[in-house]
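Have a look at the structure below, then the notes.
The values are calculated or read from the model by the stated rules, or taken from the named source; none is laboratory data. In this text, all values refer to a predicted model and were calculated from it rather than measured experimentally. Counting neighbours? That spans all protein chains shown, and the Cβs are built from the backbone with ideal geometry, glycine included.
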Amino acid sequence: MSRRGWFSLILLAALLLAALLAPWLASQNPYDLATLDILDARLPPGSAALDHGGTYWLGTDAQGRDMLSAMLYGLRISLAVGVLSTLLALTAGVVLGLLAAWHGRWVDALIMRVVDIQLSFPAILLALVLLALTGPGVSKIVLALLAAQWAYYARTARSAALVECQKDYVAAARLLRLPTWRILLRHVLPNCLPTLLTVAALQLAAAISLEATLSFLGLGLPVTEPSLGLLIANGFQYLLSGRYWISVFPGLLLVVVLTCCNLLADALRQRADPREAGR
Amino acid sequence: MSVLDVKDLTIHIGDTKSPAHAVDSVSLHIERGEVVALVGESGSGKTLTGLAIAGLLDPPLRRVGGEITLLGENLSALPESQLRRRRGDRLAMVFQDPMATLNPVLRIETQLVETIRAHRNVGRNAARDEALAMLDEVGITLPAQRLRAYPHELSGGMRQRVAIGAALINRPALLIADEPTTALDVTLQAQILALIDQYRRDHGTAVLWITHDLGVAAGFADRVLVMYAGQIVESGPCARVLQAPAHPYTAALLGAIPGSVPPGTPLATLPGQPPGLSPPPEGCRFRARCPRAAAACIAAPPQVATGEARTVRCFFPLVTPP
Amino acid sequence: MNEPLFHARNISQSYVLANGWRQRRSTLQALDDVSLTLHAGESVGIVGESGSGKSTLARIIVGLLPPTAGERYWQGQRLPDGPHAGIQMVFQDAASALNPRARVTELIAEAPRIHGLITSGESDFVATQLNRVGLDPQLAQRYPHQLSGGQRARVGIARALAVKPQLLVCDEAVAALDVLIQAQILNLLQQLRRELGLTLLFISHDLGVVRHLCERVVVMHHGRIVETTSAGQLAGLPSSLFRS
Ligand SMILES: Nc1ncnc2c1ncn2[C@@H]1O[C@H](COP(=O)(O)OP(=O)(O)O)[C@@H](O)[C@H]1O
Ligand SMILES: Nc1ncnc2c1ncn2[C@@H]1O[C@H](COP(=O)(O)OP(=O)(O)O)[C@@H](O)[C@H]1O
Ligand code: SF4
Ligand SMILES: [Mg+2]
Ligand SMILES: [Mg+2]
């Protein structure tokens, strides 16, 4: 993989680790209102706390929350929602896509027709409608993202699997009378994986930004569990009054995460494409 | 004057510290109207030799030595990029995959006309007429219709004919054909061979025919060069070499063709595989597989003439000089 | 009389072609009423120019493609559509016929393991299979792209033989190989046939190869069998069949 690919992979892994370890890394639990001190509200980056000796490296928000802690927890939620929905959508899409490619005929026609219809709606519109029906919540936004994204994976998995199924190693596996599920999972799927992972990295970025958008609009996660999108929204009103840090730092973090995903997708695509592998 | 004269062409691959000596001191010449076949296993360096003559080597492939003289002009002194332009209208190359030559998004007409006008000062209509005549000459039926077609609308055999037409359209003095029939079936292969044969008779074009198939060389070429592990191990008039091979490797190639032994009996084969070339083995490169190898073969055998316009690179050839 | 090992009766196959953007459908008759009988231990060749229907017939015989019309019989029993335990195939392009993400050992042992054909250790089983096709058992841990063309062809043969077929169908199995490697593979097939009592159906466009390997030769032209001769008489065939 290219150096850029490795760099983005490592950075992404580090961010994931930081998000996982948020309760231990953060100086404050931003959800525990008891630890917040309203007197510390809207302090600029680098300020010292009034009562205890800590420093607010990235400032505080309107409730006196340490931005750094809030961002670690926000990253945790954003990544959790993004990764979870990506994994679910990938699984659902792969199962349906492989089924369509292998079975062909009416199964293929049916699945792909649903995919076409689904893809003709903008993802955000679908998610908005679903969330409006179900109301906010982590599991609900994961479901909404799953519904909005499975079709991409189904389409990718189907076309990759169609190419693979034309190859003689699949014919050989059929002749050896291997069970169909085994041919699909052990032979076809691994050879589709490079393409699928590329799409997954791209769609992870899409899922995270979709979640951030929904949360920013106030439709995604409840205020008690602020993801990056909600943090940005919270700071938005202070942006013009010079208290840039409440919005900008979570925004920057979001940009970094999305950029990493896209760079990673690019590197994976190059690796999967033999014409570019040598470069 | 030979159309092409190559002296000691040497090609390395990769870094300067431990390069693969992929082509080593290859010398050859081709006369006007002559077909010379370059034969050898895959990986023996045939394509690299052809690319080097055509000036198409790109890193990590490097020509590190040798002189290439085309129509009496020594081109070796020029840098690779200038060579390409200088050679453009005197030499053309066709490849195994016709799509290496043809542009998938352009009509056949556009490609042929632009190839003509890139090299010669010809009007559009005149160029179009020439393109039409060329398609006819390479045996395309309904040439006027095919002219309007895109490459993907043609069958594999027809595409290769068009690629050959595109190569010949500026009447090159030398045609380098790198296995253009390998991907085609026997019928098409025979047709393409007949086509090239007729063309060189009509126009005196010199042909370097690269193939891994001695059978193809046998019926078609005037002279044959046998390549092994980057070196020419035997050369001579086609009929003589195939009748009485001098190099043990040529003999092995001939012995492996079905039909050389009664049906049902095992074919002669060689143990092992061609050697790695970074670095190449000491002494004779064929030594590890050679049934005639002896102590002397630890030294590198020189390429020596054996009479009848033949050469062999072996201390113990099967045919001794008269 | 002794029952033939395999019999294909009145096989026809037509492909539906959708032509261009108007989607006008036409059919292409790839096989037209082809019958073929193979006796146990026989070696039969199929020759014919490209497009004459050889590969289509091969895929129908092994059960990869259900024919439009016709039946297959195995030792006198009618075969249902689909693959049969006693028939295996060696493919032309060994590179595409081997799963690029499976090691040699998995390629060879997977099916026998599933069908309960491995009685002792799996690595011993793989070593035996590799030795039989003249490959070093050390290659077991390699991936296909780490093998030479000749080695890949051998792995393809070993994989087919590992499930103990009685009929081996080879579709242009040596066409892509250099002459020296082709000779090795032809020798190997001949030796395996003798040792295992295999029945061989060998498809090739190369008359020399078929004449070398087969006792009986079937000539196909435009989807029909136009002639069945002994290999010795093949030389006298009208060459017009191979020019069109
Ligand atoms: N672009 C390249 N990069 C690295 N190695 C190459 C390249 N092209 C050819 N080679 C190597 O050079 C050797 C000779 O190749 P080639 O001339 O293509 O053989 P042939 O045409 O006789 O089959 C082979 O070992 C091949 O792997
Ligand atoms: N999947 C397919 N769809 C449509 N036509 C096909 C298909 N496979 C083969 N054909 C056609 O059937 C004919 C016979 O092909 P094939 O059996 O591959 O011949 P051979 O192996 O003798 O070259 C050819 O005209 C070919 O174009
Ligand atoms: S020089 Fe020796 S090893 Fe080389 S080909 Fe001749 S006899 Fe064989
Ligand atoms: Mg080559
Ligand atoms: Mg075929």
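Details
- When A:Thr55, A:Thr86 are screened for being touching a helix residue (DSSP H, G or I) at 6+ places or on another chain (Cβ under 6 Å) and of a type in the set (Val, Ile, Thr), only A:Thr86 passes.
- In the range B:51-60, the residues that are surrounded by 20 or more Cβ atoms within 10 Å (Cβ to Cβ) and near ligand 1 (Cβ under 9 Å from one of its atoms): B:Leu51
- Looking only at the range B:278-322, residues that are farther than 29 Å from C:Ile185 by Cα, in a loop (DSSP other than H, G, I, E, B) and free of Cβ contacts under 8 Å to residues at least 24 places away in the same chain come to 9 in all.
- Residues being of a type in the set (S, T, N, Q) and more than 6 Å from ligand 2 (Cβ to nearest atom) - total across the range C:32-59: 3
- Of the residues making up the range B:141-169, those that are surrounded by 20 or more Cβ atoms within 10 Å (Cβ to Cβ) and assigned to a loop (DSSP other than H, G, I, E, B) number 1.
- So A:Leu84, is it buried (at least 23 other Cβ atoms within 10 Å of the Cβ), assigned to a helix (DSSP H, G or I) and in contact (Cβ under 8 Å) with a residue 12 or more places away in the chain: no
- Any hit, the range B:68-86, residues being more than 14 Å from every other protein chain (Cβ to nearest Cβ), farther than 20 Å from B:Val224 by Cβ, within 16 Å of ligand 4 (Cβ to nearest atom) and β-branched (Val, Ile, Thr): no
- Scanning the range C:102-114 for residues that are surrounded by fewer than 17 Cβ atoms within 10 Å (Cβ to Cβ) and either at the interface with chain A (Cβ under 7 Å from one of its Cβ atoms) or touching a Cys at 6+ places or on another chain (Cβ under 8 Å) (or both) gives a single hit, C:Ile114.
Residue-wise test of (1) within 22 Å of the chain's Cα centre (by Cα); (2) away from every other protein chain (no Cβ under 14 Å); (3) within 24 Å of A:Met71 (Cα to Cα).
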| residue | (1), (2), (3) |
| --- | --- |
| A:Leu110 | no, yes, no |
| A:Ala144 | yes, yes, yes |
| A:Glu164 | no, no, no |
| A:Cys192 | yes, no, no |
| A:Leu202 | yes, yes, yes |
| A:Gly220 | yes, yes, yes |
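- Among the conditions (1) within 16 Å of ligand 4 (Cβ to nearest atom); (2) of a type in the set (Val, Ile, Thr); (3) crowded, with 21+ Cβ neighbours inside 10 Å, the only one that B:Val138 does not satisfy is (1).
- Options B:Thr182, B:Thr187, B:Thr205: the member that is away from ligand 4 (no atom under 16 Å from the Cβ), of a type in the set (Val, Ile, Thr) and within 13 Å of chain C (Cβ to nearest Cβ): B:Thr187
- In the range C:116-147, of all residues being within 21 Å of the chain's Cα centre (by Cα) and not in a helix (DSSP H, G or I), the one that is nearest to C:Val62 (Cα to Cα) corresponds to C:Val133.
- All of B:Ser235, B:Ser278 fail the test of being at pLDDT 90 or above and polar (S, T, N, Q), apart from B:Ser235.
- The range B:100-111: number of residues that are part of a helix (DSSP H, G or I), at pLDDT 85 or above and farther than 11 Å from B:Arg148 by Cα: 0
- Qualifying residue in the range C:54-63 (condition: within 24 Å of C:Gln166 (Cα to Cα), within 16 Å of ligand 5 (Cβ to nearest atom) and of a type in the set (S, T, N, Q)): yes
- Under the condition of being out of contact with any helix residue (DSSP H, G or I) (no Cβ under 7 Å at 6 or more places or on another chain), surrounded by fewer than 21 Cβ atoms within 10 Å (Cβ to Cβ) and either modelled with pLDDT of 90 or more or hydroxyl-bearing (Ser, Thr, Tyr) (or both), the residues counted in the range C:140-160 number 2.
- Flag not set for B:Ser76, criterion: under 13 Å from the mean Cα position of the chain (by Cα) and of a type in the set (Ser, Thr, Tyr).
- The range C:172-228, subset facing another protein chain (nearest Cβ under 8 Å), part of a loop (DSSP other than H, G, I, E, B) and charged (D, E, K, R), residue surrounded by the most Cβ atoms within 10 Å (Cβ to Cβ): C:Asp178
- Scanning the range B:301-318 for residues that are of a type in the set (D, E, K, R) and modelled with pLDDT of 90 or more, we see that the one that is nearest to ligand 3 (Cβ to nearest atom) is B:Arg313.
- Some residue of the range B:269-277 being more than 14 Å from every other protein chain (Cβ to nearest Cβ), over 16 Å from C:Ala183 (Cβ atoms), in contact with a Phe, Trp or Tyr (Cβ under 9 Å, 6 or more places away or on another chain) and away from ligand 2 (no atom under 16 Å from the Cβ): no
- Scanning the range C:163-179 for residues that are more than 15 Å from the chain's Cα centre (by Cα) and either among the acidic types (Asp, Glu) or away from ligand 4 (no atom under 16 Å from the Cβ) (or both) turns up just one, C:Asp178.
- Flag if C:Glu106 is of a type in the set (Asp, Glu) and either under 24 Å from C:Gln191 (Cβ atoms) or within 16 Å of ligand 3 (Cβ to nearest atom) (or both): no
- Cross-chain or 6+ apart pairs with Cβ under 9 Å, the range B:35-60 first and in a helix (DSSP H, G or I), then of a type in the set (Ser, Thr, Tyr) and more than 16 Å from ligand 3 (Cβ to nearest atom): B:Lys46/B:Thr211
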